[in-house]
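Written below as structure tokens is the structure these notes are about.
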Amino acid sequence: MMVIGPTEISQRLQRRWEYKSKDERWSILVAPEGVVLQTTDYKGFNGYSERFCLAVRTVLEATEHDRLGVLQRLGIRYVNLIRPQAGEDFRAYIAPGFHGLQGDGVFEATSGRLQCQMAGTTQVGSDVGMLAIRVTQNDQGAELTPDLLDFAPLRTNSSRPGELNTIVDIDHFLEGRFDCNIDWIIQNTSLLHAHLETVFFDHVVTPHALGVWS
């Protein structure tokens, strides 16, 4: 990590361990600041939750954080690629609040690229959460956000340069100082997911999109 100040540049290296499944579509990242379970083979929250709890429980017990540690952040993040059918516009798939500017005289034809974000607080059990929704576009063939590219699990990238990709990135998390209690983690991960899922299906994507994907 580079830390750049007004008059100096310093560099701090951080060790990170990565564990992959045989098909390399699941990975666990373990670093001094936390543990992350990633997948490009998501088939539902229940299956993901089981693996997530096993990974977290293993790390907490091995590091004795289950007895001595403090949890500072718990979150769940979904990155969704939206590729309209032939002849359709991306605006048919996401809610009007994420359409950006449109109309003649704004940009040259098909040259506009959307970068927008909306964030706010949520109620997660007895705690206050934070929800961030980001919609970005690119025509370089990228199907993930730049911060995920280096350590993403194996995936099949079918996009080509020149094709417009719309990425919907939703991050829902709690921050504070919490006990490293696995039951609390399981319960609140489910609450984070439930609210995120409702927002995605009811407020971010359109009925047309759900019909196409069903």
*Could you list, in sequence order, the residues of the stretch 1-43 that are at pLDDT 95 or above, small (Gly, Ala, Ser) and out of contact with any Phe, Trp or Tyr (no Cβ under 7 Å at 6 or more places or on another chain)?*
Ser21
*Has the stretch 187-195 got any residue that is out of contact with any Cys (no Cβ under 6 Å at 6 or more places or on another chain), without any contact (Cβ under 8 Å) to a residue 24 or more places away in the chain, not in a helix (DSSP H, G or I) and not aromatic (Phe, Trp, Tyr)?*
no
*Take the stretch 31-48 and flag every residue that is buried (at least 17 other Cβ atoms within 10 Å of the Cβ) and of a type in the set (S, T, N, Q).*
Gln38, Thr39, Thr40
*asked:* Which condition from (1) in a strand (DSSP E or B); (2) among the aliphatic types (A, V, I, L, M); (3) loosely packed, with under 15 Cβ neighbours inside 10 Å is the one that Val135 breaks?
replied: (3)
*Which one is nearest to Leu149 (Cα to Cα), of the residues in the stretch 18-65 that are in contact with an Asp or Glu (Cβ under 9 Å, 6 or more places away or on another chain) and of a type in the set (Asp, Glu)?*
Asp41
_Verdict on Leu192 being modelled with pLDDT of 95 or more, aliphatic (A, V, I, L, M) and more than 18 Å from Arg83 (Cα to Cα)_ = yes
*Which one of these does Thr198 not meet: (1) among the polar types (S, T, N, Q); (2) surrounded by 15 or more Cβ atoms within 10 Å (Cβ to Cβ); (3) assigned to a helix (DSSP H, G or I)?*
(2)
*For Ala119, are the conditions met, namely being loosely packed, with under 12 Cβ neighbours inside 10 Å, over 27 Å from Leu148 (Cα atoms) and aliphatic (A, V, I, L, M)?*
no
*So which residues in the stretch 137-182 are small (Gly, Ala, Ser) and under 25 Å from Arg16 (Cβ atoms), if there are any at all?*
Ala142, Ala152, Gly176
*Which residue pairs have Cβ atoms closer than 7 Å, lie 6 or more positions apart in sequence or on different chains, and pair a first residue in the stretch 135-158 that is within 14 Å of Arg113 (Cβ to Cβ) and among the aliphatic types (A, V, I, L, M) with a second residue that is in a loop (DSSP other than H, G, I, E, B) and modelled with pLDDT under 95?*
Val135/Leu114
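The values are calculated or read from the model by the stated rules, or taken from the named source; none is laboratory data. From a predicted model like this one, the values you see are computed outputs, not experimental measurements. Note: ideal-geometry Cβ built from the backbone for every residue, glycine included; neighbour counts use all protein chains shown.
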